[in-house]
Amino acid sequence: MKIKMYQIDAFTSRVFGGNPAAVCVLGEWLDDDTLQAIASENNLSETAYIIPRDGFYDLRWFTPVAEIDLAGHPTLASAYAIFEMLEPGRREVRFETRSGSLHVIKEDELLAMDFPSQPGKPCQASEDIEKGLGVEPEEVLLARYHMVVLDSEEAVLGVRPDFRRLENLPSMGVIVTAPGRKVDFVSRFFAPKMGIPEDPVTGSAHCTLIPYWSKRLGKIRLTARQVSERGGALFCEDQGERVRIAGQAVIYLEGDIWFP
């Protein structure tokens with residue numbers, strides 16, 4: 001058996017930036033153990049699996065340790081693979097996922113994703129958050145992830161996580177965010193219990209970041225940067241029950257996975 005695989009850097013215009021994702025093209029679903037084993041072997045934040053159907057694609061996402069319900073950068077990477085390699089000239093694609101239908105549109109150099117909005121609700125700053133991040137938050141909110149608001153970009157850059165502490169959190173991961181110096185807001189994201197100590201760029205985190213910063217700044221359209229070591233740029237829009245998350249992508253490698 002041979003599986004076509006692309007490795008694509010998402011939310012960046014240059015190789016070695018953004019967040020690398022593997023995109024594997026299947027004819028039909030393999031068993032879950034094999035899908036997880038491939039993701040573990042790839043050892044990237046996420047491996048995406050896509051299957052072409054009649055006018056749309058099925059899409060699933062796996063971290064090195066588990067399947068997840070929503071992921072942004074491998075969705076962007078999957079759309080890039082379709083638009084640039086699998087179906088050149090196509091400008092819109094629908095994915096069917098565990099989180100429902102997700103659409104991606106090609107707009108010049110940007111790929112714009114339509115995702116569900118997931119606003120956070122205020123919650124207490126637990127000891128695991130404060131000691132796990134080494135910060136005193138201005139605010140803490142909880143949706144799919146915890147979101148910790150700090151006062152400056154410098155404070156976000158200065159976070160040195162205790163990953164063992166963060167593994168105790170009931171959520172899948174924790175976002176740290178603050179106003180940006182050159183963009184509307186910056187963030188970092190940590191999900192050690194999902195096998196991702198620090199994710200370079202996290203599209204799904206912006207489902208919570210966008211409604212928060214849109215309300216706080218009084219703006220519908222926002223610019224964002226995830227200030228990880230690799231870094232990534234996102235162009236965002238609050239659309240009420242949905243959010244628009246756009247960015248660029250670039251291919252790093254194309255190859256085949258072989259099975260005996």
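Where a number appears in this text, it was derived from the coordinates with a stated rule and is not lab data. Predicted model only: the values in this text are computed from it and were never measured. Ideal geometry is used to build each Cβ from the backbone, glycine not excepted, and the neighbour counts take in all protein chains shown.
Observations, loosely collected:
- From most to least packed by mean Cβ count within 10 Å, the peptides 23-31, 125-133, 203-211 give 203-211, 125-133, 23-31.
- Two-site label geometry, W258 and D32: point separation in nm, points 7 Å out along Cα→Cβ: 3.1
- Each peptide among 154-160, 57-63, 5-11 gets the average number of other Cβ atoms lying within 10 Å of its residues, and from highest to lowest they stand as 5-11, 57-63, 154-160.
- Antiparallel content of DSSP bridges confined to the range 127-260, in %, to 5: 75
- The range 121-238: relative contact order as a whole-number percent, Cα under 8 Å and 6+ apart: 19
- Per-residue [θ]222 nm for the chain (sum of -39500 (n - 2.57) over DSSP H runs n ≥ 4, rounded to 500): -5000 deg cm²/dmol
- Shape of the range 203-257, Cα gyration tensor, a/c cut at 1.5: prolate
- Cleavage-rule hits, GluC sites (Glu not before Pro), the range 227-260, DSSP coil, Cβ neighbours within 10 Å at most 16: E229, E241
- Taking every DSSP beta bridge that has both ends in the range 140-214, the antiparallel portion is near 75%.
- Segment Q124-I51, extension gain: residue separation times 0.36 nm, minus the distance between their alpha carbons: 22.1 nm
- Counting only Cβ charges, +1 for Lys and Arg and -1 for Asp and Glu, the dipole size of the chain around its Cα centre is about 520 debye.
- Rg and Dmax of the range 121-238, both derived from C-alpha coordinates alone, stand at 12.9, 37 Å.
- Computed over the range 73-163, the range of Cα coordinates on each principal axis works out to 50, 27, 22 Å, biggest value leading.
- DSSP bridge pairs, the chain: antiparallel proportion in percent, nearest 5: 80
- Whichever aspartates and glutamates have a C-alpha closer than 20 Å to that of K182, once near sequence neighbours (fewer than 8 apart) are set aside: D151, E153, E154, E229, E237, D238
- Compared with the dominant principal axis of the Cα atoms in the chain, helix 206-217 is inclined by about 40°.
- Angle of helix 32-42 to the longest C-alpha principal axis of the chain, folded into 0 to 90 degrees and rounded to 10: 70°.
- The chain: C-alpha gyration tensor shape, a/c 1.5 cut-off, then a/b vs b/c: prolate
- Prolate/oblate/rounded call for the range 120-176, Cα gyration tensor, a/c under 1.5 rounded: oblate
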